[in-house]
Amino acid sequence: MILGNPFKLRRNGVMGLNERNLRLVAELNPRGLMRLVNDKTITKRLAIEAGIPNPELIGLVSNPYDMRRLDQMLERPNGVAIKPANGSQGNGIMIITGPMKGGYKLANGRRVVFEDVRFHVMNILSGMYSLGGLPDTALIEERVRFAGVFDEISFKGVPDVRIIVLKGVPILAMLRLPTADSDGKANLHKGGVGVGVDLVTGVTQLGMQYDQLVDFHPDTANELSGLQTPYWEDMLIMAAQAYDVTSLGFLGADIVIDVDKGPLLLELNGRPGIAIQIANRFGLRAHVEPVLAADTSKMDAKARIAFGKDIYRLIHEGQAAA
Amino acid sequence: MSSHLHARLLAFALILLGMGIFLHKSVQNDYPIVPDQTRTIWNLEVYIEFAAGNRPVRVETYLPARSDVRDVVDEQFYSGPFGLRIVQEGVEGNRKAIWTYRYPDGPKVLRYRTTMMEENRSTPLPDSLQSEGRPADLPFQSNLQRQAFIVWISTIRRQSADNESLVELTLQEIFSPTLSDELAALIRPLPGSLGRLELARTVLESQGVPARIANGVYLDDARRRAEIVSWLEYRVDGRDRRYFPNGNPSKFFPIWYGLGEIVEAVGASEMSTQISLQPSRYAASTIARSQVDDGNFVLRMFSFDALPLTTQLVYRVLLTIPVGILLLVFLRQFIGLQTLGTFMPVLIGIAFRETALLTGLILFSILIALGLAMRFYLEKLKLLLVPRLAVVLIFIVLSMAAITILMSDGEQRIGLSISLFPMVILTMTIERMSIVWEEYSGSEAIKQGLGSLAVASITYLAMSNRYVEYLMFNFPELLLVIMGLCLLMGRYMGMRLSELRRFRELIGIKDEAEFPFKDKAE
Ligand SMILES: Nc1ncnc2c1ncn2[C@@H]1O[C@H](COP(=O)(O)OP(=O)(O)O)[C@@H](O)[C@H]1O
Ligand SMILES: [Mg+2]
């Protein structure tokens, strides 16, 4: 089948980008607040203030002067992640896993020398990866060493959990797994695998890659479903708190699990993608409508999580019963 | 959902207003809504080819004359290495291009191009014709000729009642297949019908009827090779008249006046001159003007006729751009096409106007490919972003120059048209493509590049369509309608065509009965 029947898609509650942009992003995320999540340095500051754990910030490079300290910043035995503060979709991110023969080892196994890293940072500063090509800041943070829980179903790199938070209520979640195609990053555009996660229990379900349903990881051939996400409750709380610190009504929270530090908030997204519908094999609208209709302003994070779980249970148990 | 309603109301108001003015103009005032076939703008091209043999060459050619009733705009010269001078001569407004070069060698080509408005029998003649409304001295040298003339003219005068019939009789006699002995003695040995025309002109002038020989082309259809024809223009009792000894054209265009040759050359051999005609844009302005003059306020307010011709030509192009944008919005919001840069395809589409579609596509692809190669090479040098962009841009200019020079031997069309190709857009496109190339894959970059080209072609076809151009130029109020449509599209919440494909796996999963929540979207 090349095209889906639009009426059936509607009936299944599948939401398109136009609707997401108008009903969720434009309605719930005031333009002025988007800065809080578009700029990773601000997100980081807010998270630290609110006590939401996140990867340790090593330093910022915002001009050639800061560049002098770059080699010092890279000297971490466990490696660092270099990101454009205003980047998106994983573009311009360089992950260094540690030193290697006078140079550095990248997540994909290649070795680079200091000069290469410097050039990359320079490109970030000149705005090559930022929206509209504006000059940018490079953010250097500690590399997350992923706890081995999902090793069976990832290929090099760091899986992360994406939780969609609507008016503070977590409504859908998915686990994103790096693949050989995605070059160690978990972004779905780049060929990462998205796996639906049961919002109530945190257990993985079936998945998708390149908009197609998959049940096994393409590189490791292991089954995607049936794995328990550790720290699930903590993650839900982190996601729900993200709403409190940003006031953005439609958020995607990206969370990773570090071997030593547990769940860390990697970034927040003001216009999260809608592929999560395919990963969960369920349209967004059914999850969105009850939250839009409800008044969540008086609920605290715990109450919102309970509300989200109720909605999820109602929708998906009705499903299981059928 | 108040913003929804707000947007809709505004959109409908704009559409109603735009359509209202449009209908008022077209129905109430009979303003034609499709281009009028009889008012065409013609592209005239003079193509001169010759061999030069290492000695100074001088080529002169007549350009369309200027006068108080005619302006010549939009002229393009292709001179190659030749020096070019334009001179104006005589009261008739004749103009000449003079190309010179000291040591040319081998085959050479010179070209001149312009657009012009056709003329017909009711087109007024310029005032300059009037100034000579007095009997001229007779140019005949010998006594014999003078006597022959006096005998002949007095017969004619006797037979005619007034100036009008005098002219008619004169022309009839001069252009009759068999000449009387008197006339045969008077005609100068000139090529074609020029001898008779010149005699007719002399006779009319001697009788106080201003006249001149016009040389030009007949515009009855498009021609690769148009012939130069000559005719007589005269004014008798204040009425403008033309006499065509050859054929009976309904539309024509005079280029120069008098007895000169269209091209004269010194130092050139194997000379060949080709004049081609191509009808193109529809000059609605002439129609519009007659209607605007009648004092209708609405018509005058939404019309560009008061502007100078060159400005009008710019608006002709400018006003079609919103149509391209409308199309682009549709392709993005309803079809879901991804393009490199939001409006980039439209800008490329505008550039295609200069090059025509196929040439434009080829040119664009070549330049992008070269630029990408350059960009990947520069990657090794580790340059900062802005200087790197600058290098790519300069490289693009160089490549364009190289292509133009390579092509100039065969097909010169590209040489003239490449000039406005948007280099900056090309450079940004290359940069974007190379990022996609690195971050995703080469095939993704090429896919996006081709997608953008496809959108550019579609918008070009829409923007260059002559009906679209005519409608937008003559009914600029349609901009309001387009704006309204864009507002409506801005509130479209349904699926894009591409999403029907993207979410095709989600079709068979659930059924309505199992939905605990009703669809509250609409
Ligand atoms: N500190 C880090 N340690 C390890 N991997 C990281 C780190 N930061 C980012 N990544 C990898 O890069 C991907 C994208 O990072 P993210 O911060 O989400 O930026 P973006 O806004 O570009 O998506 C993540 O999914 C993860 O795989
Ligand atoms: Mg991300």
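The values are calculated or read from the model by the stated rules, or taken from the named source; none is laboratory data. Everything numeric here is computed off the predicted structure, so don't read it as measured data. Here Cβ is always computed from backbone atoms with ideal geometry, including for glycine, and neighbour counts include all displayed protein chains. The area values use the complete protein model at the heavy-atom level, side chains included, leaving out ligands, DNA and RNA. Shrake-Rupley method; radii C 1.70, N 1.55, O 1.52, S 1.80 Å.
General remarks:
- As an equivalent ellipsoid, the protein assembly as shown spans semi-axes of 76, 33, 20 angstrom, where each value is the square root of five times an eigenvalue of the C-alpha gyration tensor, largest first.
- Straightening the chain between residue B:225 and residue B:237 buys 0.6 nm, computed as 0.36 nm per residue apart minus the Cα-Cα spacing.
- Global geometry of segment B:46-156, whether rounded, prolate or oblate, following the gyration tensor of its Cα atoms and the 1.5 cut on a/c: oblate
- Shape of segment B:321-463, Cα gyration tensor, a/c cut at 1.5: oblate
- Choice from A:270, A:102, A:207 with maximal GNM fluctuation in chain A (Cα, 10 Å cutoff): A:102
- Residue mean of other protein chain beta carbons inside 10 Å, B:380-393: 3
- Residue-wise HN-Hα couplings along segment A:134-141, as the Karplus relation 6.51 cos²θ - 1.76 cosθ + 1.60 with θ = phi - 60° gives them from phi, are 6, x, 10, 10, 9, 10, 10, 10 Hz; Gly and Pro carry x.
- Approximate shape of segment B:137-208 as ellipsoid semi-axes (Cα gyration tensor, √5λ), whole Å, largest first: 18, 14, 12
- In this structure, the pairs whose alpha-carbon distance is over 25 Å, taken from A:83/B:382; A:101/A:190; B:108/B:251; A:105/A:261; B:25/B:251, are A:101/A:190; B:108/B:251; B:25/B:251.
- Report note on the peptides B:432-442, B:450-460: ranked by the mean count of other C-beta atoms within 10 Å, highest first, their order is B:450-460, B:432-442.
- Candidate residues B:343, A:7, A:307: accessible-area rank, largest first, probe 1.4 Å: A:7, B:343, A:307
- Where the protein assembly as shown is the region considered: accessible area per residue in Å², 1.4 Å probe: 45 Å²
- Each other residue within a Cβ distance under 11 Å of residue A:223 adds +1 if Lys or Arg and -1 if Asp or Glu, for a net charge of -2.
- At R0 = 56 Å, FRET efficiency that the Cβ-Cβ distance of residue A:261 and residue B:3 yields, to 0.05: 0.85
- Residue among A:209, A:72, A:241 with the largest mean-square fluctuation in a Gaussian network model of chain A, springs linking Cα atoms under 10 Å: A:72
- Computed over protein heavy atoms with a 1.4 angstrom probe, the accessible surface ordering of A:101, B:25, largest first, is A:101, B:25.
- Inter-part distance where segment A:122-190 and segment A:37-64 are each reduced to a Cα centre, Å: 15 Å
- Total accessible surface hidden between A and B, rounded to 100 Å², 1.4 Å probe: 4700 Å²
- Evaluated at q = 0.14, 0.16 Å⁻¹: base-10 log I(q)/I(0), Debye formula over Cα of segment B:187-228: -0.45, -0.54
- Average partner coverage of A:277-284, which counts Cβ from other chains inside 10 Å: 3
- Pairwise FRET efficiency - residue A:149 versus residue B:13, Cβ, R0 = 41 Å, nearest 0.05: 0.10
- Intensity falloff of segment B:333-392 expressed as log10 I(q)/I(0), Debye formula with alpha-carbon point scatterers, at q = 0.16, 0.30 Å⁻¹: -0.71, -1.12
- Taking Lys and Arg as +1 and Asp and Glu as -1, the other residues whose beta-carbon sits under 9 Å from that of residue A:79 total +3.
- Chain A, relative contact order [Cα under 8 Å, separation at least 6], %: 20 percent
- The fraction of accessible area contributed by carbon and sulfur in segment B:47-193 is 50 percent, rounded to a whole number (1.4 Å probe; ligands and nucleic acids excluded).
- Hydrodynamic radius of segment A:1-99 per Kirkwood, over alpha carbon pairs, in Å: 17.2 Å
- Segment B:426-458 versus segment B:156-172: alpha-carbon centroid distance in Å: 75 Å
- Choice from A:312, A:231, A:129 with maximal GNM fluctuation in chain A (Cα, 10 Å cutoff): A:231
- Rolling a 1.4 angstrom probe over segment A:104-188 with all protein chains present gives an accessible area of which 50% lies on carbon and sulfur atoms.
- Summing Lys and Arg as +1 and Asp and Glu as -1 over all other residues whose Cβ lies under 11 Å from the Cβ of residue B:247 gives a net charge of -2.
- Reach of residue A:8 by Cα under 28 Å, taken over lysines that are not fewer than 8 positions away in the same chain: A:167, A:309, B:510, B:518, B:520
- Prolate/oblate/rounded call for chain A, Cα gyration tensor, a/c under 1.5 rounded: prolate
- Sum of -39500 (n - 2.57) over DSSP H runs of 4+, divided by residues of the protein assembly as shown (222 nm, nearest 500): -12000 deg cm²/dmol
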